[in-house]
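The values are calculated or read from the model by the stated rules, or taken from the named source; none is laboratory data. Values in this document were obtained by computation on a predicted structure and should not be read as measured data. Virtual Cβ from ideal backbone geometry, glycine too; neighbours counted across all protein chains shown.
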Amino acid sequence: MTNANASSPLRQVVESQLQGYARFGVDLGLDRIKSVLSNLGDPQKKVPIIHVAGTNGKGSVCAYLSSVLSAAGYKTGRYTSPHLVSWTERICIDGQPISWQALQTNLNVVESAVSKDGPVPTQFEIFTAAAWQYFAAQQVDIAVIEVGLGGRLDATNVCDRPLATVIVSISRDHWQRLGNTLAEIAGEKAGILKPGVAAIAGPLPSEAAAVVTHRANEVGAPLTWVSPAKEINQDTLDSINSDALRYDGIEYPQSLLGEHQKVNSACAIAAIQSLRQQGWTISDKAIVQGMRNVRWPGRLQKAQWQGHALLIDGAHNTDAARSLRKYIDRTYPDHAITWLMGMLETKDHQEVFQALLRPKDRLHLVPVPGHLSAQPEDLRAIAQTVCPQIAYSQTHINLETALPVAVQTQPVVLCGSLYLIGQFYEKWPAA
């Protein structure tokens, strides 16, 4: 990854501009952004979209979809969150992040549309409106839009008739805002389903699946349930360095690591098939090319730090941690793992440690800078309770001091927060 001109004066101006809205926090609701978009002339109505929700995997699905659609020759927007290093990562066209100049221009346009006597939009709402404005101004053929939080009241949920909606996964995360039960969380995510619009869903817990099914029936959204793609013999594809998968008769390389990508990629293929049925021209060749070209940094990614190997993954909630552990067990069977971790205060630390830690593993803990971080000493106490047979655990004041110690015992996994991964890539963009 690049550091997106970390010292650019324009970047500093834009970040300061956005920071001015951070004090309004997270406040789910559609009234404010609808007011802003209305004052802008409703740019979201000029952009055909695929809307993607889910607890985990929605970013990967967006990456697959946008890569395939670009390979098919469509000018494709992609809106995702959070970013790893730079705000510009969130808004892309054909894989290219928006420039700082274009971002500032579109933010200024959005700010001019904020009602002077109405409620002030949140930071996410301002930024989402800027994405709609940019995509409309650039006349993209289609945009792949990732839900920020939940779905029903998320600022991205302002299109009455997307081309397709996707719910990749549902598990217990952000329960402070979305509800304590899987049914409540599913109800929020199912809020993106629209009348007559094709809905695609990955394998969900039965409690969540019942809610999604009920909502689809209620609004008249034809619902397709996706099963994981199957592994096939790699020789059938011109793909030397990746495994190969098959879903719905289409064979394609698996460029992103992990068992969970069988579901994520299948959800993307199912959405592409829906577009084909609606008359979009997307060849099998474009699908294969797009799947081969896809990149999604910071999620099960191999990297190097000063000549030492690292495996990097956000693993920011329990289900993501389980997926990471499954990959570890398959890739490093019977190996003790060195974990380099930091987590936000709002996460379920005990469950994440239960998913990851095994006897004889080694654990290095750091704070997540710039965010509401769990204290490393508190995490250490939880980890030792969860896994008393851990070889050792150590806290560090920051990532810079922890890395030289952790990399001495391989294999090393850096995980626990996408914000921590972002800090790593900002300091070492060539890793």
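Taken over the stretch 62-78, residues that are touching a helix residue (DSSP H, G or I) at 6+ places or on another chain (Cβ under 8 Å) and within 14 Å of Gln138 (Cα to Cα) amount to 3.
Per the listing Gly314, Gly307, the residue uniquely under 25 Å from Gln96 (Cβ atoms) and not assigned by TED's automatic domain parsing to the domain that holds Gly54 is Gly314.
Being crowded, with 24+ Cβ neighbours inside 10 Å and touching a residue at least 24 places away in the same chain (Cβ under 8 Å) is a condition met by no residue of the stretch 275-283.
Any residue at all in the stretch 336-354 that's among the aromatic types (Phe, Trp, Tyr), assigned by TED's automatic domain parsing to the domain that holds Ser417 and without any contact (Cβ under 8 Å) to a residue 40 or more places away in the chain? Yes, the stretch 336-354 contains at least one residue that is among the aromatic types (Phe, Trp, Tyr), assigned by TED's automatic domain parsing to the domain that holds Ser417 and without any contact (Cβ under 8 Å) to a residue 40 or more places away in the chain. Annotation note: of Gly290, Gly298, the sole residue that is at pLDDT below 95 and under 22 Å from the mean Cα position of the chain (by Cα) is Gly298.
Tell me, yes or no, whether the stretch 288-301 has at least one residue that is within 26 Å of Ile328 (Cβ to Cβ), in a strand (DSSP E or B) and not small (Gly, Ala, Ser). Within the stretch 288-301, one or more residues are within 26 Å of Ile328 (Cβ to Cβ), in a strand (DSSP E or B) and not small (Gly, Ala, Ser). Looking across the stretch 23-56, the residues that are within 21 Å of Gly191 (Cα to Cα), in a loop (DSSP other than H, G, I, E, B) and modelled with pLDDT of 95 or more come down to Leu30, Asp42, Val47, Pro48, Gly54. Could you check, for the stretch 353-362, whether at least one of its residues is among the acidic types (Asp, Glu) and not in a loop (DSSP other than H, G, I, E, B)? No, the conditions are met nowhere in the stretch 353-362. A residue that is surrounded by 21 or more Cβ atoms within 10 Å (Cβ to Cβ) and touching a residue at least 12 places away in the same chain (Cβ under 8 Å) cannot be found anywhere in the stretch 17-24.
Here the stretch 54-72 is the region considered, the condition is being of a type in the set (Gly, Ala, Ser) and touching a Cys at 6+ places or on another chain (Cβ under 8 Å), and the residue that is farthest from Asn264 (Cα to Cα) is Ser66.
The residues on offer are Ser81, Ser35, Ser16, and the sole one that is on the phi < 0 side of the Ramachandran plot and touching a Lys or Arg at 6+ places or on another chain (Cβ under 9 Å) is Ser81.
For every residue, the table says whether it meets (1) part of a helix (DSSP H, G or I); (2) assigned by TED's automatic domain parsing to the domain that holds His316; (3) modelled with pLDDT of 95 or more.
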| site | (1), (2), (3) |
| --- | --- |
| Tyr21 | yes, no, no |
| Ser66 | yes, no, yes |
| Ser70 | yes, no, yes |
| Asp117 | no, no, no |
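Only one entry in Glu89, Glu111, Glu125 is crowded, with 24+ Cβ neighbours inside 10 Å, assigned to a helix (DSSP H, G or I), of a type in the set (D, E, K, R) and not assigned by TED's automatic domain parsing to the domain that holds Ile421, namely Glu125.
Please specify each residue of the stretch 376-397 satisfying the condition of being within 29 Å of the chain's Cα centre (by Cα), surrounded by fewer than 13 Cβ atoms within 10 Å (Cβ to Cβ) and not in a helix (DSSP H, G or I). Residue satisfying the conditions is Ile397 alone. Of all residues in the stretch 197-239, those satisfying the criterion of being outside any helix (DSSP H, G or I), modelled with pLDDT of 95 or more and touching a Pro at 6+ places or on another chain (Cβ under 8 Å) are Val197, Ala198, Ala199, Pro203, Gly220, Ala221, Trp225, Val226, Ser227, Pro228. Taken over the stretch 310-321, residues that are at pLDDT 95 or above and not in a loop (DSSP other than H, G, I, E, B) amount to 4. Looking across the stretch 141-195 at every residue that is among the basic types (Lys, Arg) and modelled with pLDDT under 90, the one that is surrounded by the most Cβ atoms within 10 Å (Cβ to Cβ) is identified as Arg172.
Ile382 meets each of the listed conditions (1) over 24 Å from Ala22 (Cα atoms); (2) in contact (Cβ under 8 Å) with a residue 60 or more places away in the chain; (3) among the β-branched types (Val, Ile, Thr) apart from (2). Somewhere in the stretch 141-148, is a residue in contact (Cβ under 8 Å) with a residue 40 or more places away in the chain, in contact with a helix residue (DSSP H, G or I) (Cβ under 6 Å, 6 or more places away or on another chain) and among the acidic types (Asp, Glu)? Yes; the residues of the stretch 141-148 include at least one that is in contact (Cβ under 8 Å) with a residue 40 or more places away in the chain, in contact with a helix residue (DSSP H, G or I) (Cβ under 6 Å, 6 or more places away or on another chain) and among the acidic types (Asp, Glu).
Only one of the numbered conditions (1) β-branched (Val, Ile, Thr); (2) farther than 27 Å from Arg172 by Cα; (3) surrounded by fewer than 23 Cβ atoms within 10 Å (Cβ to Cβ) is violated by Val36, and that is (3).
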